[in-house]
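Visitor: For reference, the structure I am asking about is given below.
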Amino acid sequence: MAEIRIKNLHKEFGVGSDKVVALEDVNLDITGHSFVSIVGPSGCGKSTLLNILTGIETPTNGTVEITSDGHVAAPGYVFQAARLLPWRTVTDNLMFVQEDRSDDTKKRCQRYLEMVQLGDKGDKFPGELSGGMQQRVGIARAFSIEPDVLFMDEPFSHLDAITARALRRELHHMWDETKKMVVFVTHDVGEAVELSNRILVFAKGGRLEDDIQIDLPFPRDPADDEVAVAKAHVLRKFEELDLLAS
Amino acid sequence: MTTTDTTTVETPSAPRVTEEELARRARRSELTSRWFWRILSYIAVLAIWEFALLDIFSFLRGSPLDPKLLPGPSEVVSTFFEIWGEGTMPAAFQATLTRIAVGFGLSFLIGAMIGILMQSKWFEGFFKDAVLISLSAPGLIWVLITAIIFGNRPLGPTIAIILTTFALVTVNVSEGIKALPKDLLDMAKSFRVSVFKRNRQIVIPHLAPYLFTGLRFGFSIAWKVTVLTEVFSSSEGIGFEMRISAVLFDMSEFLTWILAFFFFALFLEKVVLEAIERRYFRWRQAVTAT
Ligand SMILES: Nc1ncnc2c1ncn2[C@@H]1O[C@H](COP(=O)(O)OP(=O)(O)OP(=O)(O)O)[C@@H](O)[C@H]1O
Ligand SMILES: [Mg+2]
């Protein structure tokens, strides 16, 4: 079981008059088989939080710890943009993040490419794929290392509605079956309510404003009354926090 | 596309031509016509040249061109085979190419090193004007200066090559480093990819096109500068042979050397370098195609 412990996390960029506070005094524990969504207006530090949790950025103050059964957890990261190596084929992009090049690993990569409906595109270069296809390769790459914690930064926002729906279902299955932890950033409250059992609301200036538990059974149908009520509840929180304007 | 649809409907027995095949054919015919016009330009020039030397211009009191001063293409070609038979040509090319390889090899290393150093503010200040001067001063200046200083010694051409070409490599390397893809490096870091693998699979492929551009432009200058240095101060190589034939007033031989030089440069540029580009930068074509 993975655990994330965040204590007094503070992150600033720049100095003097250029100083930007991206995260302010965030305290947060995420444990076990959670699907946590992070919502909030643009620029409230969502990507920064994921960058710190995955080791890309370092905190200005405070500590973060990600462990899995006592050892350092392996994170998988789906970025806001696909971030593929343009000079490597799709398959090689997946292989790039693997620890070994065994046949098992290759088969696993192929399986996840098939999951995102790109099983026949392994030999293409990213430049030969559409933007949505590239994003799906990025998703397959993160899945393919079968991480202890999966971080996703608005992974479906560039995809068409049908593909996004299919992948949401796939993501839910994976989470349900593997009992892994998912930390999911989104702008879409409906998506957050449909997928997660916990929603963190961030406000401008990088403050954690609200922590909402959603204990409805899966699968959740947006048309379902209880799901609609939960969504309305989160949106009302947004209104109270005056987040909707942005 | 609608026309292909209707034809396939009307004649179902006709072999289906895939769109890929059509695109390939279109590309091939375009390539053929481009080469046709390109080669035609050579033929046109050679034809005018030969024609101007013909002895049919008595009404103008002689041909426009004097064959003693400027022999025609047919004569140059026969001289070419004569010289080739004597074995001077491969030897001269070998001498020149060795000089380029050593000089430009060194220049490439020095240029790349300075490009890396210039990432620091202080070294940037230190090298900035040197780079600028090397880029803007005509190569002839360095050729003359090194010829005066070093005379016949092989160090002269080497230094002339370095001074004229290192900056091209520096500028490209420096630009490449400035444009390092931070998003990809961050991605690799988050997936715990080793530093070695990050360098090998992100930094080097990213820098390769920049290095290649430096190589290409640097090489085309190194080539000209080398021949120039040989004209002024050397006892072997293509430039030296040109000087000898010019001094002996053997215009046919002089032109032969110029043509040999020209075709060899064209061959390197169009065949060798472009083949390397096609082989190693296939992904870039994929990017530009979309
Ligand atoms: N590398 C950086 N250098 C300087 N400022 C940065 C950097 N990264 C983020 N910031 C700033 O930190 C703040 C938070 O940025 P972040 O990318 O985390 O926002 P976000 O919540 O992900 O927004 P969005 O929903 O638009 O993706 C912004 O004000 C941004 O300008
Ligand atoms: Mg973001």
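The values are calculated or read from the model by the stated rules, or taken from the named source; none is laboratory data. Predicted model, so just to flag it, every value in this text is computed and none were measured. Reconstructed Cβ throughout: ideal geometry from the backbone, glycine too, with neighbour counts over all protein chains shown. For accessibility, only protein heavy atoms count, side chains too; no ligands or nucleic acids. Shrake-Rupley method; radii C 1.70, N 1.55, O 1.52, S 1.80 Å.
Visitor: Only residues that are surrounded by fewer than 16 Cβ atoms within 10 Å (Cβ to Cβ) and either closer than 29 Å to A:Asp215 by Cβ or within 13 Å of chain B (Cβ to nearest Cβ) (or both): list them for segment A:49-63, please.
Guide: A:Thr58, the sole residue that qualifies.
Visitor: Further question on the same structure: Of a type outside the set (Asp, Glu), open to solvent by 10 Å² or more (accessible area, probe 1.4 Å) and within 13 Å of chain B (Cβ to nearest Cβ): which single residue out of A:Lys121, A:Lys107 fits that description?
Guide: Unique residue meeting the criteria: A:Lys121.
Visitor: May I ask you to verify whether B:Glu124 is of a type in the set (D, E, K, R) and closer than 19 Å to B:Thr213 by Cα?
Guide: no
Visitor: Do any strands (runs of 3 or more DSSP E) lying entirely in segment A:1-81 carry at least 1 residues that are in the same structural domain as A:Glu209 (by TED's automatic domain parsing) and among the polar types (S, T, N, Q), and which ones are they?
Guide: Result: A:2-13, A:20-31, A:35-39, A:61-68.
Visitor: Can you tell me which of B:Val143, B:Val77, B:Val102 is within 27 Å of the chain's Cα centre (by Cα), open to solvent by 70 Å² or more (accessible area, probe 1.4 Å) and closer than 27 Å to B:Ser252 by Cα? Step through it out loud before you land on a result.
Guide: Working: B:Val143 fails: open to solvent by 70 Å² or more (accessible area, probe 1.4 Å); B:Val102 fails: closer than 27 Å to B:Ser252 by Cα.
Step by step, each of B:Val143, B:Val77, B:Val102 is checked, and only B:Val77 is within 27 Å of the chain's Cα centre (by Cα), open to solvent by 70 Å² or more (accessible area, probe 1.4 Å) and closer than 27 Å to B:Ser252 by Cα.
Visitor: Of everything in segment A:177-187 that's out of contact with any Phe, Trp or Tyr (no Cβ under 7 Å at 6 or more places or on another chain) and under 28 Å from A:Asp104 (Cα atoms), which residue is least open to solvent (accessible area, probe 1.4 Å)?
Guide: Ranking the qualifying residues of segment A:177-187, first place goes to A:Met181.
Visitor: Using the structure shown, decide if A:Val20 is within 14 Å of ligand 2 (Cβ to nearest atom), more than 17 Å from the chain's Cα centre (by Cα) and within 21 Å of A:Asp153 (Cβ to Cβ).
Guide: So A:Val20 passes the test.
Visitor: Is segment B:177-187 home to any residue that is open to solvent by less than 20 Å² (accessible area, probe 1.4 Å), under 19 Å from the mean Cα position of the chain (by Cα), in the same structural domain as B:Val231 (by TED's automatic domain parsing) and in contact (Cβ under 8 Å) with a residue 12 or more places away in the chain?
Guide: The answer is no; no qualifying residue exists.
Conditions tested, residue by residue: (1) at pLDDT 85 or above; (2) open to solvent by less than 40 Å² (accessible area, probe 1.4 Å); (3) away from chain A (no Cβ under 14 Å).
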residue	(1), (2), (3)
B:Leu207	yes, yes, no
B:Tyr210	yes, no, no
B:Gly214	yes, yes, yes
B:Ala222	yes, yes, yes
B:Phe254	yes, no, yes
B:Trp257	yes, yes, yes
B:Ile276	no, no, yes
B:Arg282	no, no, no
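Visitor: What number goes with the only condition from (1) in contact with a strand residue (DSSP E or B) (Cβ under 7 Å, 6 or more places away or on another chain); (2) open to solvent by 10 Å² or more (accessible area, probe 1.4 Å); (3) away from ligand 1 (no atom under 16 Å from the Cβ) that A:Gly205 does not pass?
Guide: Result: A:Gly205 fails condition (3) only.
Visitor: Ok, one more. Within segment A:151-165, take every residue that is open to solvent by less than 80 Å² (accessible area, probe 1.4 Å) and within 16 Å of ligand 2 (Cβ to nearest atom) and give me the one that is nearest to the chain's Cα centre (by Cα).
Guide: The residue in question is A:Met152.
Visitor: Taking segment B:188-205 as the region of interest, how many residues are in a helix (DSSP H, G or I) and either within 10 Å of chain A (Cβ to nearest Cβ) or in contact (Cβ under 8 Å) with a residue 60 or more places away in the chain (or both)?
Guide: 9
Visitor: Another question, if that's okay. Report, by residue number, each residue of segment A:64-95 that is more than 9 Å from chain B (Cβ to nearest Cβ) and either over 20 Å from the mean Cα position of the chain (by Cα) or within 14 Å of ligand 1 (Cβ to nearest atom) (or both).
Guide: Across segment A:64-95, the qualifying residues are A:Asp69, A:Gly70, A:His71, A:Val78, A:Gln80, A:Val90, A:Thr91, A:Met95.
Visitor: Taking into account only those residues within segment A:18-48 that are hydroxyl-bearing (Ser, Thr, Tyr) and open to solvent by 10 Å² or more (accessible area, probe 1.4 Å), which is farthest from ligand 1 (Cβ to nearest atom)?
Guide: Ranking the qualifying residues of segment A:18-48, first place goes to A:Thr31.
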